[in-house]
Amino acid sequence: KGRVALVTGASVGIGAAVARALVQQGMRVVGCARSVDKIEKLAAECQSAGYSGTLIPYKCDLSNEEEILSMFSAIKTQHKGVDVCINNAGLAHNEPLLSGKTEGWRNMIDVNVLALSICTREAYKSMKERNVDDGHIININSMSGHRVLPSAASHFYCATKYAVTALTEGLRQELREANTHIRATCISPGLVETEFAFRHHNSDPERAAAVYESIKCLKAEDIASAVTFVLSAPPHVQIGDVQMRPVEQVS
Ligand code: NJP
């Protein structure tokens, strides 16, 4: 309650559900994405629902480091800094290794890996300079960060999520070496019903819809519940990874 959280990719899907849940719990949440109008709408909804926290919309293209750094400096000026950082923004393009376009690969690396790393570094800096010892950095990873699916469309995406697995564990070790109690966690969902599969380069909307209809998927709110659970763990408890799949998902 009263803490400042940054949620990246808060315009739709999992990020919007996480932002809403944290505002409901009384946090001051800076929600960023490119479609800031959607976050403004969500902020108005949270306000009319009478939630005790606030959602502050911030327009940021996370594939641009300058924009990320300006966002952190605005957060410092307006809200003193970040206590909780939820690295949620991410995307997958259908760009197989044998035929994909470099541009699509680069976009996945920029958002899924580099933006997450830059936000992590800047959030840590913000916590350290204010002696925040109970901060938390949560990465929204994927089951794709734990096993490679036999689908050419997802191999590069899997590679970026394997990077998230490595970065979260590496972060945990660096935080320990820095002698802080700031915690690092990743949450690794299976299929979640959002707009995600419709936003791929070369996405086939019928195929995407069929995937979501094939089983009873997780909801964005299920992931938001995992985030609030992780944040509510006692200070001595370090949750490394929460893997969650729909009951009906096989792989
Ligand atoms: O995705 P979607 P989800 N700069 O497409 C933002 C992981 N995951 O909520 O800029 C700034 O509905 C985009 O904002 P906008 C997945 O890998 C998902 O399902 O306005 N923001 C939007 O808010 C990802 O890490 C599933 O377009 C940028 C958000 O990212 C996380 O869950 C399964 C941006 C994407 O919303 C959220 O995914 C799984 C940029 N350059 C893991 N580019 C699943 N849905 O099945 C994108 O295992 N965003």
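The values are calculated or read from the model by the stated rules, or taken from the named source; none is laboratory data. Keep in mind the model is a prediction, meaning the values are calculated, not measured. Neighbour counts run over all protein chains shown; Cβ positions are idealised from the backbone, glycine included.
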Single condition LEU55 does not satisfy, out of (1) farther than 22 Å from TYR157 by Cβ; (2) away from the ligand (no atom under 13 Å from the Cβ); (3) out of contact with any Gly (no Cβ under 7 Å at 6 or more places or on another chain): (3)
Whichever residue in region 183-241 is near the ligand (Cβ under 9 Å from one of its atoms) and of a type in the set (D, E, K, R) and, among such residues, is surrounded by the fewest Cβ atoms within 10 Å (Cβ to Cβ): GLU195
Residue list for region 39-67, restricted to those being basic (Lys, Arg) and in contact with a helix residue (DSSP H, G or I) (Cβ under 8 Å, 6 or more places away or on another chain): LYS59
Qualifying positions in region 68-107 - among the small types (Gly, Ala, Ser), more than 18 Å from ALA152 (Cβ to Cβ) and out of contact with any helix residue (DSSP H, G or I) (no Cβ under 7 Å at 6 or more places or on another chain): SER70, SER73, ALA74
Members of region 17-33 found to be more than 16 Å from the ligand (Cβ to nearest atom) and more than 14 Å from PRO57 (Cβ to Cβ), listed by number: GLN24, GLN25, GLY26, MET27
Flag if GLU122 is farther than 30 Å from SER99 by Cα and within 16 Å of the chain's Cα centre (by Cα): yes
Of residues in region 124-163 being in a helix (DSSP H, G or I), at pLDDT 95 or above and more than 16 Å from the ligand (Cβ to nearest atom), the one farthest from PRO189 (Cα to Cα): GLU129
Residues within region 199-241 that are modelled with pLDDT under 95 and not in a loop (DSSP other than H, G, I, E, B), tallied: 10
Residue in region 119-137 that is surrounded by fewer than 19 Cβ atoms within 10 Å (Cβ to Cβ), β-branched (Val, Ile, Thr) and out of contact with any strand residue (DSSP E or B) (no Cβ under 9 Å at 6 or more places or on another chain) present: no
Listing of helices (runs of 4 or more DSSP H) fully contained in region 1-108 that carry 1 or more residues being in contact (Cβ under 8 Å) with a residue 40 or more places away in the chain and either at negative phi or surrounded by 14 or more Cβ atoms within 10 Å (Cβ to Cβ) (or both): 13-24, 65-79, 102-108
Where LEU175 falls short, out of the listed (1) at pLDDT 95 or above; (2) away from the ligand (no atom under 15 Å from the Cβ); (3) part of a loop (DSSP other than H, G, I, E, B): (3)
